[in-house]
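Take a look at the structure set out below.
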Amino acid sequence: MGIPLWIPKDLAIDSETAPSTEAPVTLTSETLAVLPPISKPASSTRAISELFAEPAKPKIIPQANPAKPVIASHAPDCSQLNWLDLEAAVAACKLCELHKTRTQTVFGTGHQQAHCMIIGEAPGAEEDRQGLPFVGKSGKLLTNMLAAIDIAREDIYIANILKCRPPNNRDPKPEEATSCRGYLERQIALIQPMLILVVGRIAAHNLLQTTTPLGRLRGSVHTLPNSTVPVIVTYHPAYLLRQPTEKRRAWQDLQLARDFLASLSAKA
């Protein structure tokens with residue numbers, strides 16, 4: 001069938017679950033910083049955005065002082081680790097049962113000073129073989145999605161909430177995500193992204209510490225708990241491959257991310 005194309009075919013906007021009623025807040029200058037330049041891919045698809053009459057309008061939804069996740073008592077303290085030491089700690093990790101079935105850990109990849117960070121759920125079979133996140137068909141679709149908003153994949157950083165593949169690609173268990181969370185939090189702290197784009201229900205629930213359905217989380221700008229980093233939620237590329245009609249909603253989320261990053265640049 002070839003590489004899936006990222007071209008929204010249906011311009012109609014379907015009704016979605018009722019949006020959050022939380023009051024929006026105004027970004028302050030303290031939360032904004034100068035963004036590094038965004039490199040454009042060789043083949044720009046900016047013309048796609050011209051098909052849409054209205055730009056996405058974000059709602060800013062702060063998180064109300066959520067409790068910090070409980071990390072396993074035997075989890076290492078990652079707060080002072082540099083990139084090399086953090087990757088070595090992940091490679092040697094045996095905090096949960098997943099280390100028994102993995103081929104290798106999938107640490108993450110990309111620009112270590114990226115303006116935008118993408119966080120997914122867990123490695124799949126191909127990721128487990130290659131040691132890299134988002135490869136195969138879902139990875140190709142993700143690359144096309146980013147190209148649609150003029151972001152090159154090498155300009156972002158990509159990681160998952162789990163560093164090891166769950167057997168048979170099952171959903172991550174809460175205790176597995178808890179064991180890995182210290183690693184992910186350190187990656188976020190080292191990168192200091194201007195925006196996190198979370199793909200997939202499980203990743204969104206884990207990162208935002210919520211059980212709100214993904215359909216109600218998307219379309220708004222959230223705040224990472226215990227942080228000031230903005231978070232936008234969208235569908236996982238693997239889900240979009242199974243449900244291609246949802247690409248039009250994912251396109252709205254991409255527009256939201258693009259426009260939000262542009263607003264940060266304008267106010268810097």
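Throughout, read-outs are computed from the coordinates displayed, never taken from laboratory work. Note that this is a predicted model, so its numbers are computed, not measured. We place every Cβ from the backbone using ideal geometry, glycine too, and count neighbours over all the protein chains shown.
Set the bar at 20 Å for Cα to Cα. Now go through 100/173; 94/137; 140/173; 140/247; 137/247; 94/140 and name every pair that lies beyond it. Violating the 20 Å limit, Cα to Cα: 94/137; 140/173; 94/140.
When both the stretch 96-158 and the stretch 252-268 are represented by their alpha-carbon centers, they are found 22 Å apart.
Could you list 145, 194 in order of exposure, starting from the residue whose Cβ has the fewest other Cβ atoms within 10 Å? Don't skip to the end; give the middle numbers.
Details: 145 26, 194 22.
By the 10 Å Cβ count, ascending: 194, 145.
Okay, which of the stretch 129-150 sit inside 20 Å, backbone N to the point 7 Å along the Cα-Cβ direction of residue 168? It comes to 129, nothing else. Between residue 248 and residue 227, the simple spin-label model (points 7 angstrom out along Cα→Cβ) gives 3.3 nm. Could you tell me which of rounded, prolate or oblate describes the stretch 163-268, using a ≥ b ≥ c as the square roots of the eigenvalues of the alpha-carbon gyration tensor, with rounded for a/c under 1.5 and, failing that, prolate when a/b is larger than b/c and oblate otherwise? Oblate, since a/c reaches 1.5 and b/c is not below a/b. With R₀ set to 35 Å, the beta-carbon distance separating residue 92 from residue 241 gives a calculated FRET efficiency near 0.55.
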